[in-house]
Amino acid sequence: MKKEGFDALCSAPWGDFRSLYDEHRDALKWNHASYLSIEQQRRRTQGNLPQEHYELAVLRQRMTDPQTKQDFPVRLIYVFSTADQKVTRQQRARQIEKIQSELEKIQQSVASGNRNTDPASITRRVERVFGSKRSARYFSYEMIPLSAKQQDKLPSPGRGRKRPAHRFCFRFDETLKEQDEQYDGLNVLVTTAMQRSADDLFTKFKQQTYAEHANHIFKGPLAVRPVFLKNAHRVEALVFLMMISLTLYFVLQRTYRATCEKDAPTKQRRTTTRTILSEFAVFMLLITRTNSGRIVQPLQPNATQRALLQRLGLSTPAQLLCHRLPCPRPASLCAPIGWWHSRIDPPKWVI
């Protein structure tokens, strides 16, 4: 991005910049970020739920281009999240509790002289317990051989068991845990934008969720893939059409929410386009084939469909067909505004 003349803003692996954080920790000046999620904005006006926030600290550094070997200025934006800190510590506590519980079971199994309690089997069991859990690094264990005198002092083994030849011991390192806790809730952003404020850049970075939500819709109900076109121009045209569809998809949702009353239920104020379109999933057109052509006759919308069309300011299917298809009936009967309230048959078109 720097080579092409653009500024960049991206997240970075914490491990690559933790040493810089440790070096300049005491000199960093933290400020509250103005960005708040929609949920946190709601919590500040409603209820007594926990209120979370972000804090930012900026550190200026220089990075080197690995190809040109030229260095350029960057800013490291260290971000502290109170919510992320809580979640990280809760996850760590659950992992520690689970690992400790499983190790205690292994300890009891070895002490009871159960089967498959030899050092090799115990090592495999412990490895399964540790897995890829990050909290596993706080634990250490060993199989301590028992002398002949120690084995003789043990009670006689029960049926199906053997006299233990080892003692399973494990330890928990509280110091390592405390060292990791000081980094809970921290992450880092790297940017080449030297003029804009860190608060503004962080807000733009967090607003990526809006674009990601759009990408989710792009991959979902719009079904942009698979693409079987081989000509690049046709692929570009298809993507452009899908972008138009995506825009309309969100305009429909935004228009509906804008027309909701202030005292409307929360579920109604959060209605999505998917919900709106699902109401028309069963709407059909009756097409009858005759000697003179096909006769198109739209079904009457139900109460929910009528309410949605009126709220969105959209024409009914009958009104749309009236303007697009030749109608053999008199104009006075052609898709009147409230034709669904009358007892006359729906209008018909011959195509």
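In the stretch 9-31, the residues that are surrounded by fewer than 10 Cβ atoms within 10 Å (Cβ to Cβ) form Cβ pairs under 8 Å with partners that are small (Gly, Ala, Ser) and assigned to a strand (DSSP E or B), at six or more places apart or across chains, as follows: Lys29/Ala57.
The residues of the stretch 153-193 that are of a type in the set (Ser, Thr, Tyr) and farther than 30 Å from Lys206 by Cα, listed by number, are Ser156, Thr175.
Checked across the stretch 66-79, the condition of being over 17 Å from Gln207 (Cα atoms), of a type in the set (Phe, Trp, Tyr), open to solvent by less than 70 Å² (accessible area, probe 1.4 Å) and in contact with a Phe, Trp or Tyr (Cβ under 7 Å, 6 or more places away or on another chain) holds for at least one residue. In a residue-by-residue description of the stretch 75-87, the property of being under 28 Å from Ser197 (Cα atoms), of a type in the set (Ser, Thr, Tyr), in contact with an Asp or Glu (Cβ under 6 Å, 6 or more places away or on another chain) and outside any helix (DSSP H, G or I) applies to no position.
Checking the structure you have, find out if any residue of the stretch 45-65 is open to solvent by 40 Å² or more (accessible area, probe 1.4 Å), farther than 20 Å from Asp200 by Cβ and among the acidic types (Asp, Glu). Among the residues of the stretch 45-65, not one is open to solvent by 40 Å² or more (accessible area, probe 1.4 Å), farther than 20 Å from Asp200 by Cβ and among the acidic types (Asp, Glu), which makes the answer no.
Of all residues in the stretch 256-278, those that are open to solvent by 70 Å² or more (accessible area, probe 1.4 Å) have Cβ atoms under 6 Å from Cβ atoms of residues that are of a type outside the set (Val, Ile, Thr) and not in a helix (DSSP H, G or I), 6 or more apart or on another chain, in Arg269/Cys260.
The values are calculated or read from the model by the stated rules, or taken from the named source; none is laboratory data. Remember, predicted model here, so these are calculated numbers, not experimental data. Quick reminder, even Gly has a Cβ in these numbers, built from the backbone with ideal geometry, and neighbours come from all protein chains shown. Surface areas here come from the heavy atoms of the whole protein model, side chains and all, with no ligands, DNA or RNA. Shrake-Rupley method; radii C 1.70, N 1.55, O 1.52, S 1.80 Å.
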